[in-house]
Amino acid sequence: MLTISAVASLVALAGGLFAAGLVSFELISYHLSNSKIASNHWIPVLLAISTAFGVLATHRWRHSCRPRLFF
């Protein structure tokens, strides 16, 4: 059984690979449906939700870390 830190590490690794473009939607959807984690009609919904969280996190990070030299 995996501990919470091991699961968090796997999620971080998977997110990094997805963000780097090394893992495609097709590969993720295949593994989600093959392992019965999600049914076929929920896979695009889960991808949309995860993409929205990525956009919100990037937006928040860019606005909190941006140097304010001219504005």
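The values are calculated or read from the model by the stated rules, or taken from the named source; none is laboratory data. Not measured: the values here are computed from a predicted model. Every residue, glycine among them, receives a Cβ derived from its backbone with ideal geometry; neighbour counts consider all protein chains shown.
For the range 1-30, give me the residue count where each residue is in a loop (DSSP other than H, G, I, E, B) and not polar (S, T, N, Q).
So the answer is 6.
Residue 33 fails exactly one of the following numbered conditions: (1) hydroxyl-bearing (Ser, Thr, Tyr); (2) outside any helix (DSSP H, G or I); (3) surrounded by 12 or more Cβ atoms within 10 Å (Cβ to Cβ). What is the number of that condition?
Failed condition: (2).
Just one of the numbered conditions (1) surrounded by 12 or more Cβ atoms within 10 Å (Cβ to Cβ); (2) of a type outside the set (D, E, K, R); (3) at pLDDT below 75 is not true of residue 69; which one?
Single failed check for residue 69: (1).
Please go through the range 37-58 and pick out each residue that is assigned to a loop (DSSP other than H, G, I, E, B) and either surrounded by fewer than 12 Cβ atoms within 10 Å (Cβ to Cβ) or in contact with a Phe, Trp or Tyr (Cβ under 7 Å, 6 or more places away or on another chain) (or both).
37, 39, 40, 41
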